[in-house]
1. Measuring from label point to label point, each 7 Å out along Cα→Cβ, what is the residue 8 to residue 168 span in nm?
2. log₁₀ I(q)/I(0) of region 75-122 at q = 0.15, 0.16, 0.19, 0.24 Å⁻¹, via Debye over equal Cα point scatterers, no solvent, to two decimals?
3. Connecting C-alpha atoms closer than 10 Å in a GNM of the chain, tell me which of 77, 29, 175 has the biggest fluctuation.
4. Relative to the longest principal Cα axis of the chain, at what angle does helix 172-182 sit, 0 to 90 degrees, rounded to 10?
5. Can you spot the aspartates and glutamates whose alpha carbon is less than 19 Å from residue 41's alpha carbon? Ignore those fewer than 8 places along the same chain.
6. Using packing as a proxy for protection, rank 192-198, 36-42 so that the peptide with the highest average count of other Cβ atoms within 10 Å comes first.
7. Sorted from largest down, give the three principal axis spans of the alpha carbons of region 108-215, whole angstrom values.
8. Taking 20 °C and 1.002 mPa s as the conditions, I'd like the Stokes-Einstein D for region 7-102 in µm²/s, using the Kirkwood hydrodynamic radius from alpha carbon pairs.
Amino acid sequence: MAVKEKEVGLGSCVICGRAALRSREEGELTMIEGPNALRLKDGGSLCGSCVRRLRVMYPLQYTFDEAKRTVVKKDPLPEISTEEALQANSEVVSFREDMREHYGFHNAVFAADAMAESKGGFMQPPIVTIFGQVLYGSFYMQDEVTIISGGKEIKATLEAIDTYEHRIPMDASSLKDWIRRTWDPGRSVGENGYLCKLVVTGKGISVKPGDLVVKD
Ligand SMILES: [Zn+2]
């Protein structure tokens, strides 16, 4: 078992006043263990739950390294000041509402940047892995979603959600294995501002960069 790093206190959160505890080196870049506390550019701190709340306004920025097939992530939050964080906190509710309105009031919206298909096995539909970023809301395993591509709407069930570090498609055996290891419909690693891959099964699913996956 990995040795858990000791938590480091970053002082009080500039928004809520609770202790900003930083326990993992890059915990804020995925949703696996939840957002981590961080230090703002002027030395103020944000606790993990305030990071989570503001993340919708400051989504992770990322580029894809084609040669290594890996994602390079950058967090814009440590680059803002205490004043900007307080301002964002006062605007985040209306920001989220404006976003919902912009995207037709879906409960959650994901923007795709790539997809990969692999065989589902004998008599089984293909497995489609959709890579991208959650714009707002949260996705969970077994969610019923709609893939919107070129004016077409395809209904699908989310078989799996995982973090997005590499563009490696899930094949039938790794999907089964993943579900066995992590089965928990209440667990979400697909939350606003974070990157993830959504896994669905079905024939004729095609997703282009910029296509949306939505949940109502
Ligand atoms: Zn806080």
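Nothing in this text is a laboratory measurement; each read-out follows from the coordinates by a stated rule. Given the structure is predicted, the values throughout are model-derived calculations rather than measurements. Here the Cβ positions follow ideal geometry from the backbone for every residue, glycine too, while neighbour counts run over all protein chains shown.
1. Here the modelled spin labels are 2.9 nm apart.
2. Here log10 of I(q) over I(0) equals -0.66, -0.71, -0.83, -0.96.
3. 175
4. Once rounded, the angle reads 40 degrees.
5. Answer for residue 41, where 19 Å is the Cα cut-off: 25, 26, 28, 75, 79, 83, 84, listed by chain and number.
6. My ranking of the peptides, most packed first, is 192-198, 36-42.
7. 34, 29, 24 Å, listed from the longest principal axis down.
8. 153
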